[in-house]
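Here it is, the structure in full.
The values are calculated or read from the model by the stated rules, or taken from the named source; none is laboratory data. Keep in mind that this is a model prediction, so the values were computed, not measured. Glycine also receives a Cβ, built like all others from the backbone with ideal geometry; neighbour counts cover every protein chain displayed. Surface areas here come from the heavy atoms of the whole protein model, side chains and all, with no ligands, DNA or RNA. Shrake-Rupley method; radii C 1.70, N 1.55, O 1.52, S 1.80 Å.
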Amino acid sequence: GDSVTQTEGLVTVTEGLPVKLNCTYQTTYLTIAFFWYVQYLNEAPQVLLKSSTDNKRTEHQGFHATLHKSSSSFHLQKSSAQLSDSALYYCAPVLNSGGSNAKLTFGKGTKLSVKS
Amino acid sequence: AQTIHQWPVAEIKAVGSPLSLGCTIKGKSSPNLYWYWQATGGTLQQLFYSITVGQVESVVQLNLSASRPKDDQFILSTEKLLLSHSGFYLCAWSLGLGASAETLYFGSGTRLTVL
């Protein structure tokens, strides 16, 4: 079956240092695109990054990710973490089973805590 | 600008009691609508989606039902709540399904506690 594997649990990083959240996926379906969603405390999830092009770097709000279909990965990175980056991060591939509908599947989420 | 409003913000209900949650989308005609559920400490799980008025597709069976009585309204309900229904319910919309990947825009959610 389909599965999305993210860095598990809590990732703690010191402000100003780099951070990387891993995301890999397994599927028999066609992967159309990949999203990273971020959910701040007591708020709804919102889109952070989206990519549908293989081997192309996508950037937003200081975060970047590159979709590598050959290794089924879409890791999220930031060179200098900020206190305001503390949140829950979801990796979400969009899969097409061959029909007309695509399905967005969320990973289990990674909690990022940035300390001063 | 599009806005999505969910109600209520929070509910505390007894096991076996009925439930009705709603959301309204303004500023966008004929959006695709979704209900997601997030258990405490869990991931986001899609429950239902709808691409047009009167048509709702179930994704996961959780003894819940959904309806789309108007183009801009999506309702989630059940006649008998279970303890396992507790969690965070999110309504979302997108421009479309299909072969392209569309961004989901979430409402602020309803936190449900079943006792």
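Set the bar at 18 Å for Cα to Cα. Now go through A:Lys20/A:Lys78; A:Lys103/B:Lys26; A:Lys56/A:Lys103; A:Lys111/B:Lys13 and name every pair that lies beyond it.
A:Lys103/B:Lys26; A:Lys56/A:Lys103; A:Lys111/B:Lys13
Just want to confirm a number: the relative contact order over chain A, from Cα pairs under 8 angstrom separated by 6+ residues, in percent. Mind showing how you got there, number by number?
Working: 302 pairs, mean separation 42.3, N = 116.
Computed value for chain A: 36 percent relative contact order.
Just to be sure I follow: if Rg is taken over the C-alpha atoms of the protein assembly as shown and Rh is the Kirkwood radius over the same atoms, what is Rg/Rh?
We get a ratio of 0.97 for the protein assembly as shown.
Next question. Work out from phi, with θ = phi - 60° and the Karplus expression 6.51 cos²θ - 1.76 cosθ + 1.60, the ³J(HN,Hα) of each residue of segment A:57-73, listed in order in whole Hz, and give x for Gly and Pro.
Per-residue couplings from phi come out as 7, 10, 10, 6, 6, x, 8, 9, 8, 10, 6, 10, 5, 5, 10, 6, 9 Hz.
Further, regarding this structure: Separation of segment B:66-92 and segment A:69-97 by C-alpha centroid, Å?
28
With each pseudo-label sitting 7 Å past Cα toward Cβ, what's the B:His5-B:Lys70 distance in nm, one decimal?
1.0
Same structure, new question: With θ taken as phi - 60° and the coefficients 6.51, -1.76 and 1.60, list the Karplus ³J(HN,Hα) couplings across segment B:70-82 in order, rounded to whole Hz; mark glycine and proline as x.
Residue by residue, segment B:70-82 yields 9, 4, 9, 10, 9, 10, 10, 8, 7, 8, 9, 6, 10 Hz.
Hey, if we sort B:Ile25, B:Ile12 by accessible area with the 1.4 Å probe, largest down, what's the order? Show your work: numbers first, answer last.
Details: B:Ile25 5, B:Ile12 125 Å².
So the residues, ranked largest to smallest area, are B:Ile12, B:Ile25.
Let me ask you something else. On a straight-distance basis, which aspartates and glutamates could pair with A:Lys50 in a cross-link, Cα separation under 16 angstrom, same-chain partners fewer than 8 positions away excluded?
Those aspartates and glutamates meeting the cut-off are A:Glu59, B:Glu102.
Here's a follow-up. What is the interface area between chains A and B, defined as buried accessible area summed over both chains with a 1.4 Å probe, reported in Å² to the nearest 100?
Summed over both sides, the interface buries about 1500 Å².
Could you calculate, for chain A, the ratio of the Cα radius of gyration to the Kirkwood radius, expressed as Rg to Rh?
0.97
Give the average over all directions of the projected area of the C-alpha convex hull of segment B:28-100, one decimal, in nm².
Details: hull surface 21.2 nm².
Its Cα hull, projected and averaged over all orientations, spans 5.3 nm².
Residues of B:103-109, mean number of Cβ from any other protein chain within 10 Å of their own Cβ, rounded to a whole number?
Mean number of neighbouring Cβ atoms from other chains: 5.
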